[in-house]
Amino acid sequence: MGDSTATATDLDVQLERHRVELTGYCYRMLGSSFEAEDAVQDTMVRAWRNYEKFEGRSSLRSWLYRIATNVCLDMLTAGNKRARPMDLTESTPLARAALSPRPDNTWLEPMPDARVLPTVEDPAEAAVAKESVRLAFMAALQQLPAKQRAVLILREVLAWKASEVAELLETSVASVNSALQRARATLAERDSAAKANAPAGAGAAVSDPLSEEQQKLLERYVAAFEGYDMTALTALLHEDAVMTMPPFDLWLTGPEDITGFMTTLGAACAGSHLVPVAVNGLPGFAQYKPDEETGGYSPWAVQVLEISDGRITGFHCFLDTKRWFPLFDLPLSLPRDLDVEAEPDQVQEGE
């Protein structure tokens, strides 16, 4: 039996110790920041209610993962696969650009690193964890059937043994190995197709911590964006760079269309202020736009940047600021005359 002498406080501490890694697991499973946090909260409540039944044959951590997996599988029965705009439609030329929103549950959602990446001492383990929450990998995961998704995450990302995964899923080792093989094949096929057909913005090659070259690229990006200098921005963008703006399904390819959009439909972003955030294992910024009513700045987007070969290949703007800015612990307004510093956990690693 579980230790019935454990106080409520003791149990709280034990459960909370696993919250960040469980949130990361549920986020990879569900593709949604808020659904992941709901799933973890549900997991904690179920663990609380059933702790007396916990027989201790496995570790508390394994038991929590079993509960979290069941919660996620239940949530995934609706079959919704969250995606990026480039997974759903063809790229749109600027001349035909139209802002057509889709429901929130369509989209792969951004997530602060601090909520899903537990502190680990092993640099290789930390790098794998970061890579496994990047947008391109997350989008690929969403294409897998739910149980294959769970097997792949547990085996490849969290490095569980096949026997441990089999016990968690109450199945055989052979079944786990088969599911992993099918999941790997699906991802390899998708990766091959992406490399053959997709623009460069479909992926990212970001070092951890950021290299000096990448840091300088980000500094130049901030100067170009805040100065709304399209010539400078063009020099930073890969020729096949992609810009997305969920909840709109529009996505643009190439510096000419991206900067063209920014000076037409996106012209109100001129004069914006950027605050660094650590998001999805990638460099990112909270964008605040000038607010004529207050004379300060108001939230506009969480930007996630993908970088490869010294250029920006992906420029992803998540626009639902009433949801994203509180998630990142960001203020909902800034005074115009204040030089705002990012919170310590929001600053890019390596700065």
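The values are calculated or read from the model by the stated rules, or taken from the named source; none is laboratory data. None of these values were measured; they are calculated from a predicted model. All Cβ positions, even for glycine, are placed from backbone atoms using ideal geometry, and neighbour counts span all protein chains on display. The area values use the complete protein model at the heavy-atom level, side chains included, leaving out ligands, DNA and RNA. Shrake-Rupley method; radii C 1.70, N 1.55, O 1.52, S 1.80 Å.
A compact table of results
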read-out: Long-range amide H partners of Val277 with built H, under 5 Å; value: Gly284, Phe285, Ala286
read-out: Computed Rg/Rh of region 97-231, alpha carbon atoms with Kirkwood Rh; value: 1.04
read-out: Residues Asp337 and Val45, FRET efficiency given R0 of 51 Å [Cβ-Cβ distance, rounded to 0.05]; value: 0.65
read-out: Cα pair distances exceeding 17 angstrom across region 213-270, given as percent; value: 38 percent
read-out: Spin-label zone in region 160-176 - amide nitrogen under 14 Å from a point set 7 Å from the Cα of Leu73 along the C-beta vector; value: 165-173, 175-176
read-out: Residue-normalised accessible area of the chain, given per residue in Å² at a 1.4 Å probe; value: 47 Å²
read-out: All Cα pairs of region 278-335, percent lying beyond 20 Å; value: 30 percent
read-out: Förster-model FRET efficiency, 41 Å R0, Leu265 and Gln181, C-beta, rounded to 0.05; value: 0.35
read-out: Listed pairs Lys53/Lys81; Lys130/Lys289; Lys216/Lys322; Lys130/Lys216; Lys130/Lys161 exceeding 27 Å between Cα atoms; value: Lys53/Lys81; Lys130/Lys289; Lys216/Lys322
read-out: Region 42-137 - convex hull of alpha carbons, volume per residue in Å³; value: 161 Å³
read-out: Segments 314-322, 267-275 sorted - mean Cβ within 10 Å per residue, highest first; value: 314-322, 267-275
read-out: Segment Ser172-Glu131, length gained on full extension (0.36 nm per residue, minus Cα span); value: 11.9 nm
read-out: FRET E, pair Arg57, Asn105, Förster distance 35 Å, beta-carbon r, rounded to 0.05; value: 0.40
read-out: nm² value of the averaged projected area, convex hull over the Cα atoms of the chain; value: 18.7 nm²
read-out: Sulfur and carbon atoms: percent of accessible area, the chain [1.4 Å]; value: 50 percent
